[in-house]
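Bear in mind these aren't lab numbers, they're just calculated from the coordinates by the rules spelled out. Computed from a predicted model, the values in this text were never measured in an experiment. Neighbour counts are summed over all protein chains in view; Cβ atoms, including those assigned to glycine, are modelled from backbone coordinates with ideal geometry.
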Amino acid sequence: MNISEIKDLLAQFDASTLREFSYKNGGEELSLSKNQTSSVVASPVAPAVEVVSPAPQAPVAPVVAPTVEAASASDKDVAAPASAAEGDVVESPLVGVAYLSSAPDKPAFVSVGDKVTKGQTLLIIEAMKVMNEVPAPKDGVITEILVANEEMVEFGKGLVRIK
């Protein structure tokens, strides 16, 4: 596969609604993904292809770089205020959608400054149509809420901070 074919394939993939695409031909392999957790990979399988492998990566980097830079810039914005707050972070026990209240018209389970007791519901994470309550691991005061309502959360992502 030459560089112009790769550029054409990237343009078509970018314009499509596909989220992932893989291509294998002999010793060449190309995988493209628009998902945030994955990245574009071009890797050789056979040693004869190693000479060609740097060329496919060159046009791919500009496509991925804006997403990575945008994510790291937003992480820096979020990390600065988080370091000012005190307390232990309660992390997400699973992947899903975080809800700060039991219903859209109901008040949030907790707010910054609220005193909580061990076992009290902090928020709900919906995973596979099941609502999972996230309990407070200890007594304390909520110093920061690290997620927005209806935000997609990953396993281990900080949800709230308790002091």
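Quick notes on this structure:
- Just one residue in the set ALA103, ALA98 is outside any strand (DSSP E or B), among the aliphatic types (A, V, I, L, M) and either surrounded by fewer than 11 Cβ atoms within 10 Å (Cβ to Cβ) or within 20 Å of the chain's Cα centre (by Cα) (or both); that residue is ALA103.
- The residues of the range 118-132 that are in contact with a Phe, Trp or Tyr (Cβ under 9 Å, 6 or more places away or on another chain) and either among the hydrophobic types (A, V, I, L, M, F, W, C) or closer than 16 Å to LEU94 by Cβ (or both), listed by number, are THR121, LEU122, LEU123, ILE124, ILE125, GLU126, MET131.
- Among the residues of the range 151-163, those that are over 14 Å from the mean Cα position of the chain (by Cα) and closer than 23 Å to VAL95 by Cβ comprise VAL160, ARG161, ILE162.
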